[in-house]
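> Here you go, one structure.
The values are calculated or read from the model by the stated rules, or taken from the named source; none is laboratory data. Here the structure is a predicted model, which means the values were calculated and not measured. A quick note on method: Cβ atoms are made from the backbone with ideal geometry, for glycine too, and the neighbour counts reach across all protein chains shown.
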Amino acid sequence: MTGKWIDISQTLHNGIAEWPGDTPFTYEVAFAKADTGSVNIGKMTTSTHMGTHIDAPFHYDDAGIKVHELPIDVYIGKAVVIDVSGLDSVGYSNLEAHDFGGAERVLLKTSSRPNADVFPQSYTVLRPDIGPLLKERGVKLIGVDTPSVDSEHSKTLDAHHALYANDVLILENIVLDEVEQGEYELIALPLPIAGADGSPVRAVVRRLGK
């Protein structure tokens, strides 16, 4: 038995916070029905890392695979939500006692990004030693409710690289405020953008076993 679908995506809207220095999100009706006689047509400008999004390895590795090359099955299937609220960072020691229930996708609820319209001064990050643990457990995707798995000021992106080295892909800026710890089904498909380094996604989950 499964529960209802829960949207865990940030709503894209004018005013949503972008990564400092990145392209802001804008949407406008470029052609109105009153003018065209038949339809409204919108125009959107955005970074590929706006709102809830995935990182393709090309984002942080010139030799990494791009969005259109990603295996889409990684973004669909059983996931486990683990509440790590209150931690400054999350690594091997914080997760080793948790039973992933065989899930290939782990979603971390850090509660450190309370407002999508304000870029946080600080947020929970991942330590590089999380990569080997996830690989040991067969995890292929890590999701976080923060703008990045690394800090805003990191230039080496140690967590990104450690995850990639252990065959773990990245989902960022999910919204888990109303999602309890437990097992879920996840769908978080990227757009098939040729050559891209990332993509916004519509991420949803539904509880398993309830």
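> Would you say residue 52 is under 15 Å from the mean Cα position of the chain (by Cα) and β-branched (Val, Ile, Thr)?
yes
> Considering segment 152-210 alone, what residues qualify as being farther than 20 Å from residue 2 by Cα, surrounded by 17 or more Cβ atoms within 10 Å (Cβ to Cβ) and small (Gly, Ala, Ser)?
159, 162, 196, 198, 199
> Related question: Residue 210 is checked against (1) more than 27 Å from residue 96 (Cβ to Cβ); (2) modelled with pLDDT under 95 and fails just one. What number does that condition carry?
Condition (1) is where residue 210 drops out.
> Ok, one more. Which residues, counting only those in segment 11-54, are among the hydrophobic types (A, V, I, L, M, F, W, C) and in contact (Cβ under 8 Å) with a residue 12 or more places away in the chain?
Those that are among the hydrophobic types (A, V, I, L, M, F, W, C) and in contact (Cβ under 8 Å) with a residue 12 or more places away in the chain: 12, 16, 17, 19, 25, 29, 30, 41, 44, 50, 54.
> Pairs only if they're at least six apart or on different chains, beta carbon under 9 angstrom, first in segment 177-190 and among the aromatic types (Phe, Trp, Tyr), second outside any strand (DSSP E or B) and buried (at least 18 other Cβ atoms within 10 Å of the Cβ); list them, first residue then second.
Listed pairs, sorted by first residue: 184/103.
> Suppose we keep only residues that are in a strand (DSSP E or B) and within 10 Å of the chain's Cα centre (by Cα) within segment 164-189. Which one would you say is nearest to residue 120 (Cα to Cα)?
By that ranking, first place goes to 172.
> Are any residues in segment 117-158 part of a loop (DSSP other than H, G, I, E, B), of a type in the set (A, V, I, L, M) and either at pLDDT below 95 or touching a helix residue (DSSP H, G or I) at 6+ places or on another chain (Cβ under 6 Å) (or both), and if so, which ones?
Across segment 117-158, the qualifying residue is only 149.
> Next question, about the same structure. Taking the residues in segment 117-147 that are in contact (Cβ under 8 Å) with a residue 40 or more places away in the chain and buried (at least 19 other Cβ atoms within 10 Å of the Cβ) as candidates, determine which candidate is farthest from residue 198 (Cα to Cα). So that I can check it myself, show each step before the final result.
First pass over segment 117-147, keeping only residues in contact (Cβ under 8 Å) with a residue 40 or more places away in the chain: 117-119, 124, 130, 132-133, 140-141, 143, 147.
Now drop any that are not buried (at least 19 other Cβ atoms within 10 Å of the Cβ), which leaves 124, 130, 133, 140-141, 143, 147.
Details: 124: 21, 130: 22, 133: 25, 140: 17, 141: 14, 143: 14, 147: 13 Å.
That would be 133.
> Residues of segment 48-105 being part of a helix (DSSP H, G or I) and of a type in the set (Asp, Glu), which ones? Full working, then the answer.
Step one: of segment 48-105, the residues part of a helix (DSSP H, G or I) are 57-59, 67-69, 72-75, 92-95.
Answer for segment 48-105, where residues must be part of a helix (DSSP H, G or I) and of a type in the set (Asp, Glu): 69, 73.
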